[in-house]
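Step one of this worksheet: look at the structure below.
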Amino acid sequence: SPTHLLIECLDNAIDEVQNGFADKILVSINNTTGEFIIADTGRGLPFDYKLPLLEDPPILICNSIFTSGKYKKDNEDSAYKVAAGLHGIGLTAVNALSEYMSIDIFRNGKHGSYSFKYKEEPVRNPLKDKKDAKFSTVFTVKPHSKYFESLKINETIIRERLIIAASNFPNLVIALKIDDNIEYIKGSENNLIEKYLGKDVEIWHEFESLNSDKLKPHEHFTVKFGWDFSKKKKKTETFTTVNFVKVDSGVHIKKVTDIIENVFQKLAKKNKFEFNSNDALNWLRLYINLKVVNVEFESQTKEKLSKKTDLSVMDSIEAKIENYFKKYENINELLEKFEFYRNSMQNKKITKTNGSGKRGMAAFTKLRDCTMAGGELLIGEGA
């Protein structure tokens, strides 16, 4: 959709922010024309008017894949240590699916300008002198109606992306202009948690780690979780970001939930409680903020984190969670809730009827304490 084209351009601006080069981003959407603009105050795309046209970096990255400065992330010459964008595929796709696209670059007192039109050769406009520019890189894009049923941008998705960026960078100024209306986007980590996971978790447990690999000092992992026992809905709810992109599923979530299951099974055995390992995931609210160098997504839309992603930054988290809950003063109260849930599931099996409408034989015969709040007393006939 046209929204994904905007996101591809926006991710490049956010990458400039998270690598410490930009402090302002502008997103402008014109619903009348279908055109959008993305601008940032980063370093500005590199350009070299001395090179042949098709070898000039802005032309190259918009016409060839695997040409981005993000492609070789382990290389010392890489332009980015951490990146939401992938390998330059995005800008090539934006160019291919647009009626027109222009890139204005303000760098070292010069203004380089490039124009791309559908099925036409790219144009490198005359180089100009320009000082004190408001932005360093400005993308102007008009998605092509040939490829999209509608040119309307999903403003909710874009605003969400901007709020995530604002939540991670308090000093970042983000302006969102939609037609004639302009707003400045603000946010915080607590705002994200409240919006996506609710505000009924009484206690949030927070853990973080850095990568011990000296070659990956920029990698960082934060996880916060708690339980919302006030809700009837038992399913785990998650909100996760990877390099400031909202990622709905993937290996990082599975790794954290496996750790939680493992830790609470150890604690249950130690404290003499009985429940299934996945019972600890009921009513769980999970927030993950992950920054990794070698990020791999299942697709260019970045909705699922791939198993190929190196998650060594998370290696120390299980020990931290286990040590924390070993000393947690309310651990027995928490374990009781998981055990009570398991007992209630077992008791439901007891009260099932057989095919004749009579009560079936009890599946479990062990007597259990029903004095705790919400407990049940079952009275049956017979010797």
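Taking every DSSP beta bridge with both residues inside the stretch 217-291, roughly what % is antiparallel (nearest 5)?
Percent antiparallel among DSSP bridges in the stretch 217-291 is about 60.
Just the accessible area for Glu194, please: 1.4 Å probe, Å², rounded to the nearest 10?
Surface accessible to solvent at Glu194 totals approximately 100 Å².
Let's test this: bin the Cα-Cα distances of the stretch 174-275 at 5 Å from zero up to the farthest pair and state each bin's percent.
Per 5 Å bin, starting at 0, the Cα pair percentages come out as 2, 8, 14, 18, 19, 14, 10, 7, 3, 1, 1, 1, 0.
Given an 8 Å cut-off on Cα distances and at least 6 residues of separation, report the relative contact order of the stretch 1-56 as a percent.
Relative contact order for the stretch 1-56 comes out at 29 percent.
Under the rule of at least 5 residues apart or a separate chain, name every residue whose amide H is placed under 5 Å from the amide H of Val173.
Under 5 Å from the amide H of Val173 lie the amide H atoms of Lys24, Ile25, each far enough along the sequence or on another chain.
Expressed as a whole percentage, what fraction of the accessible surface of the stretch 92-138 belongs to carbon and sulfur atoms when a 1.4 Å probe is rolled over the protein heavy atoms?
C and S fraction of accessible area: 49 percent.
Considering only Cα-Cα distances, which of the following residue pairs are longer than 26 Å: Lys254/Lys348; Lys24/Lys302; Lys152/Lys177; Lys216/Lys326; Lys134/Lys302?
Lys254/Lys348; Lys216/Lys326; Lys134/Lys302, as the Cα separations exceed 26 Å there.
Which entries in Lys255/Lys327; Lys231/Lys320; Lys199/Lys232; Lys224/Lys291; Lys186/Lys233 show an alpha-carbon gap greater than 20 Å?
The answer is Lys255/Lys327; Lys231/Lys320; Lys186/Lys233.
Give me the net charge for the shell around Leu267: Cβ to Cβ below 10 angstrom, other residues only, Lys and Arg +1, Asp and Glu -1.
+3
Per residue, how much accessible area does the stretch 151-197 show when a 1.4 Å probe rolls over the protein heavy atoms, in square angstrom?
For the stretch 151-197, the per-residue accessible area is 55 Å².
Skip the ligands, DNA and RNA, and give the accessible area per residue of the stretch 240-352 with a 1.4 Å probe, whole Å².
About 46 Å² of surface per residue is accessible.
With all protein chains present and a 1.4 Å probe, how do Thr236, Thr33 order by accessible area, largest first?
If we order Thr236, Thr33 from most to least accessible, we get Thr33, Thr236.
Using only Cα atoms, locate the centre of the stretch 157-186 and the centre of the stretch 300-328, then give the distance between them in Å, rounded to an integer.
Their Cα centres are 29 Å away from one another.
Once you keep just the Cα pairs under 8 angstrom separated by 6 or more residues, what percentage relative contact order results for the stretch 183-274?
Once normalised by length, the contact order is 19 percent.
At 1.4 Å probe size, put Asp48, Asp228 in order of accessible surface, largest to smallest.
The ranking, largest first, comes out as Asp48, Asp228.
So which aspartates and glutamates pass the test for Lys128, namely a Cα distance under 14 Å, with those fewer than 8 places away in the same chain ruled out?
List returned: Asp48, Asp104.
Solvent-accessible area per residue for the stretch 1-45 at a 1.4 Å probe radius, Å²?
That works out to 29 Å² per residue.
Net charge near Glu322, counting Lys/Arg +1 and Asp/Glu -1 over other residues with Cβ under 11 Å of its Cβ?
With Lys, Arg at +1 and Asp, Glu at -1, the neighbours total +4.
The values are calculated or read from the model by the stated rules, or taken from the named source; none is laboratory data. Please read all numbers here as calculations on a predicted model, not as lab measurements. Here Cβ is always computed from backbone atoms with ideal geometry, including for glycine, and neighbour counts include all displayed protein chains. Each accessible area value is taken on the protein alone, full model and side chains, heavy atoms only, with ligands, DNA and RNA left out. Shrake-Rupley method; radii C 1.70, N 1.55, O 1.52, S 1.80 Å.
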